[in-house]
Amino acid sequence: MKIIITAANGFMGEALVNYFSKAHEVVAIVRKSMTFENVKTCMWDGKNIGDWATEIDGADVLINLAGKSVNCRYNEANKAAIYASRLESTTILGKAIEVCKNPPKIWINAASATIYRHSLNDPMTEVTGEIGTGFSVDVCQKWEKSFFDFQLTNTRQVALRTAIVLGKKGGVMTPFKRLTQLGFGGKMGDGHQQFSWIHIDDVCRSIEFIIENESLKGALNVSSPNPVRNNVFMQALRQRYNRFAAIPSPVWLLELGAKLIKTETELILKSRFVLPEKLEHAGFKWKFSKIEEALEEC
């Protein structure tokens with residue numbers, strides 16, 4: 001297959017390029033110049049048609065991961081950039097597909113499991129999940145709307161409502177490792193908030209599964225079937241580093257720390273209780289279904 005991947009220089013993007021380029025032709029679309037072995041790269045600004053658009057015509061798969069990181073303070077400038085980076089890139093890709101003579105068979109667009117409400121005990125599936133409120137949820141809703149507003153006759157559309165991605169080459173594991181090694185690997189807040197997660201290898205495998213299974217379309221939860229509470233996750237992480245005692249982080253300390261490192265406590269304190277109902281019913285098998293297995297690899 002010919003697979004187009006935007007934002008290929010990010011944590012997920014690089015993993016997908018390396019995964020699919022072993023057996024397929026991959027074109028990486030990036031904002032900043034970079035090279036991959038045996039992979040063609042194209043530059044774009046994420047909002048205007050350019051030479052990159054010719055690669056989409058005749059491609060089999062388009063995977064769009066573009067979007068500014070939400071690991072920042074939610075000031076007005078960052079909020080505007082978070083909206084624009086997602087909505088503009090999704091819109092311009094849809095317009096590029098509309099003029100293709102041979103459009104991609106499937107367009108997979110990044111989304112987020114953050115779209116669901118804070119939930120301690122009620123699992124959120126694609127069928128039963130309740131949409132939340134607030135800035136992050138509004139971003140997710142507008143993002144998905146910009147995607148599904150395109151009614152593409154010949155292109156299947158899938159929005160990936162991805163949980164927190166774990167991997168040893170980046171993502172959230174880097175700060176979690178450092179906190180644990182420094183002795184701050186205790187529960188965060190009251191520790192009861194649900195932590196929905198997925199290993200980066202299973203992100204790649206699930207996307208391959210989605211491509212191959214034409215019945216899968218619309219919004220899909222991409223997560224492990226076994227979320228854990230924050231205190232369980234932190235305990236498992238401490239065990240990996242032989243830290244049998246750790247300092248807990250109350251909310252006031254998290255708020256202070258978030259300001260110092262220029263991020264938001266929502267990323268830690270929101271309870272994301274997400275289950276991947278559609279993937280499970282379609283028969284997907286996880287390589288890392290338990291948090292202990294994932295942390296062992298990470």
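The values are calculated or read from the model by the stated rules, or taken from the named source; none is laboratory data. Every value quoted in this text rests on a predicted model; they were computed, and no experiment measured them. Cβ placement follows ideal geometry from the backbone for every residue including glycine, while neighbour counts extend to all protein chains displayed.
Candidates N231, N221: the one that is under 25 Å from I261 (Cα atoms), buried (at least 17 other Cβ atoms within 10 Å of the Cβ) and at pLDDT 95 or above is N231. Against the conditions (1) in contact with a Leu (Cβ under 9 Å, 6 or more places away or on another chain); (2) without any contact (Cβ under 8 Å) to a residue 12 or more places away in the chain, S69 satisfies every one except (1).
Once region 1-53 is narrowed to residues that are out of contact with any strand residue (DSSP E or B) (no Cβ under 9 Å at 6 or more places or on another chain) and more than 25 Å from P103 (Cβ to Cβ), the residue that is modelled with the highest pLDDT is K22.
Scanning region 218-246 for residues that are without any contact (Cβ under 8 Å) to a residue 60 or more places away in the chain, touching a Gly at 6+ places or on another chain (Cβ under 9 Å) and of a type in the set (S, T, N, Q) gives N230, N231, Q235. Among residues of region 1-19 being out of contact with any His (no Cβ under 7 Å at 6 or more places or on another chain) and of a type in the set (V, I, T), the one that is surrounded by the fewest Cβ atoms within 10 Å (Cβ to Cβ) is V17. Residues in region 194-250 that are within 24 Å of Q141 (Cα to Cα) and not in a helix (DSSP H, G or I): 17 in all.
If you take the residues of region 277-292 that are free of Cβ contacts under 8 Å to residues at least 60 places away in the same chain and assigned to a helix (DSSP H, G or I), which of them is nearest to the chain's Cα centre (by Cα)? Top of the filtered list is E280. Among the conditions (1) part of a helix (DSSP H, G or I); (2) aliphatic (A, V, I, L, M); (3) touching a residue at least 12 places away in the same chain (Cβ under 8 Å); (4) out of contact with any helix residue (DSSP H, G or I) (no Cβ under 6 Å at 6 or more places or on another chain), the only one that L253 does not satisfy is (3). Please indicate, with yes or no, whether at least one residue in region 189-198 is more than 17 Å from T114 (Cα to Cα), buried (at least 20 other Cβ atoms within 10 Å of the Cβ) and of a type in the set (S, T, Y). Looking for residues that are more than 17 Å from T114 (Cα to Cα), buried (at least 20 other Cβ atoms within 10 Å of the Cβ) and of a type in the set (S, T, Y), one finds none in region 189-198, hence no.
Given the residues N75, N48, N64, which is the only one that is of a type in the set (S, T, N, Q) and within 18 Å of the chain's Cα centre (by Cα)? Break it down stepwise before answering.
Working: N75 fails: within 18 Å of the chain's Cα centre (by Cα); N48 fails: within 18 Å of the chain's Cα centre (by Cα).
The match here is N64.
Please work out if K79 is assigned to a helix (DSSP H, G or I), within 25 Å of Q141 (Cβ to Cβ) and charged (D, E, K, R). Yes: the conditions hold for K79.
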